[in-house]
1. For region B:53-70, which residues satisfy the criterion of being without any contact (Cβ under 8 Å) to a residue 40 or more places away in the chain and surrounded by 19 or more Cβ atoms within 10 Å (Cβ to Cβ)?
2. Quickly run through region B:157-172 and pick out the residues that are in contact (Cβ under 8 Å) with a residue 24 or more places away in the chain, surrounded by fewer than 24 Cβ atoms within 10 Å (Cβ to Cβ) and either of a type in the set (Val, Ile, Thr) or more than 10 Å from chain A (Cβ to nearest Cβ) (or both).
3. Mind counting the residues in region B:1-57 that are in contact with a helix residue (DSSP H, G or I) (Cβ under 7 Å, 6 or more places away or on another chain), within 11 Å of chain A (Cβ to nearest Cβ) and among the polar types (S, T, N, Q)?
4. Note down all Cβ pairs under 6 Å where the first residue falls in region A:18-40 and is at the interface with another protein chain (Cβ under 8 Å from one of its Cβ atoms), the second is part of a helix (DSSP H, G or I), and they're at least six residues apart or on different chains.
5. Which members of region A:31-62 meet the condition of being β-branched (Val, Ile, Thr) and surrounded by 15 or more Cβ atoms within 10 Å (Cβ to Cβ)?
6. Can you name the number of the only condition in (1) assigned by TED's automatic domain parsing to the domain that holds A:Gly224; (2) more than 16 Å from A:Gly240 (Cα to Cα); (3) not aliphatic (A, V, I, L, M) that A:Thr182 fails?
7. If we keep just the residues of region A:163-212 that are in a strand (DSSP E or B) and among the polar types (S, T, N, Q), which is surrounded by the most Cβ atoms within 10 Å (Cβ to Cβ)?
8. Here are A:Asp205, A:Asp218, A:Asp161: which of them is farther than 21 Å from A:Ser132 by Cβ and of a type in the set (D, E, K, R)?
Amino acid sequence: MARDEHSIFRENLSAYALGALEGDELRALEAHLQTCDSCRSELVQYRAISDGLLTALPPRPPSAALRKRLQSQLPSAQRKASQPRFRLSWSFGRLALGGALALLLLMNAFSFIQMRQIQNQQATLAQQVRTSQFALSMLAYPSTQAIPIAADNLTGSVLLDRERNTAALVMWHLPELSGDQTYQAWLIEPDGHRVSAGVFRPQADESYTTKPVYPKQDLSSFVGIGVTVEPAGGSEQPTGQRIFKVDF
Amino acid sequence: MTELNDTDLMSRVARGDEQAFLMLYDRHAARVHALTLRILNDPMLAEEATQDAFLKLWSRARLFLNERGSLLLWLLTIARRTALDRVRLEGRRPILSDSNDPDDLWQVIPDLDSMPEEARWRSLHFAVQSLDPDHRQVIELSYYQGLSQSEIAEVLGWPLGTVKTRMRSAMDHLRQKWNEE
């Protein structure tokens, strides 16, 4: 190795020990140190100086608070601080999560019930509208026969359309029933036997109730129609109070 | 446990002994803090860096090898890197030394002649203080501010060659003083 080049490396040793060398000079010196014992030996002396600079400062005690802060970050302090908080937050978190889930389920159930109620109401209203339209259409039909209903505190008509084999009961001021009761319509055969024509309840929020009747047999095979109060779900044959009876 | 040396205490720290750790803190915190304060020149930042350095000592205790140097040197090296990282993170301007405000605290602390190592550190401190201000500045900017030679040249507005010459001259002066001890 050329003497001049070695001298350049030697001149850079002090800067290297201080960490002030950079770039190509740094890489070249590090490569040189791999093979040069005298430079490594001299570097040890410069390193002693730079290491000495770490300690060559008058001691400056930090504040007492620093020791406490440091102590609080040690595992035992962390355990003491975090365990109860952890348990508390864990249980609180679970409680909150459980509560939120329960609330969500309740809200869903409530929404579901509300939706079902609304759907039922809509279905009922739609049915009422269809029924009313059905009755109106029957009234408008030339061959429809209207037979007045004569009963206590109740008025209305029985509409008969023999051509289309349909009938309708239009009743005003039909009394409300308890939840375990229902009205049931009966078609009356000539021998007095009753055939169920369906169950119904008074129309909500309306002073009249319409009940369409679609007989499976020819309407001409019946001699009359009547309504009784029956247990909810209906009966095979009339068992309860008769509301009215109309002869055809 | 008060009789234990640093190496023994570090063995205990490596096993998770918090009391041993606090003893090391009590023993070396002032020196670590002196270094971080010199580098950062901000009491709050210096305490944060000191704290970080000791937390690194705690977490890296198993890596400490006594054969490669004293614990204090290992700890101060960690503290220096931690503080210099903070300097870069904060984007702080280099702190130029003020020859009119030398560290004189060492002159009022008790005589440490009975502790040869301490005496040598103190003598090196005074050797640095006795440097010509220009020479002293390149030492301080490189070692306590982490600047390269070209960065020092830029900060001080000196030619790079001048920085190199003064740095080499200052280090040779310190080496001579160090060897005289």
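The values are calculated or read from the model by the stated rules, or taken from the named source; none is laboratory data. Quick caveat, the model's predicted, so the values are computed rather than measured. When we count neighbours, we look across all protein chains shown, and the Cβ atoms used for this are built from the backbone with ideal geometry, even at glycine.
1. B:Ala53, B:Phe54
2. Passing the criteria: only B:Arg166.
3. Summing the residues that are in contact with a helix residue (DSSP H, G or I) (Cβ under 7 Å, 6 or more places away or on another chain), within 11 Å of chain A (Cβ to nearest Cβ) and among the polar types (S, T, N, Q) in region B:1-57 gives 3.
4. If the second residue must be part of a helix (DSSP H, G or I), the pairs left are A:Leu18/A:Ser50; A:Leu18/B:Ser142; A:Leu18/B:Tyr143; A:Ala20/B:Ser142; A:Ala20/B:Gln149; A:Leu21/A:Asn12; A:Leu21/A:Ala15.
5. The answer is A:Ile49, A:Thr55.
6. In the conditions (1) assigned by TED's automatic domain parsing to the domain that holds A:Gly224; (2) more than 16 Å from A:Gly240 (Cα to Cα); (3) not aliphatic (A, V, I, L, M), A:Thr182 misses (2) alone.
7. Looking at the filtered set, the residue picked out is A:Gln184.
8. A:Asp218
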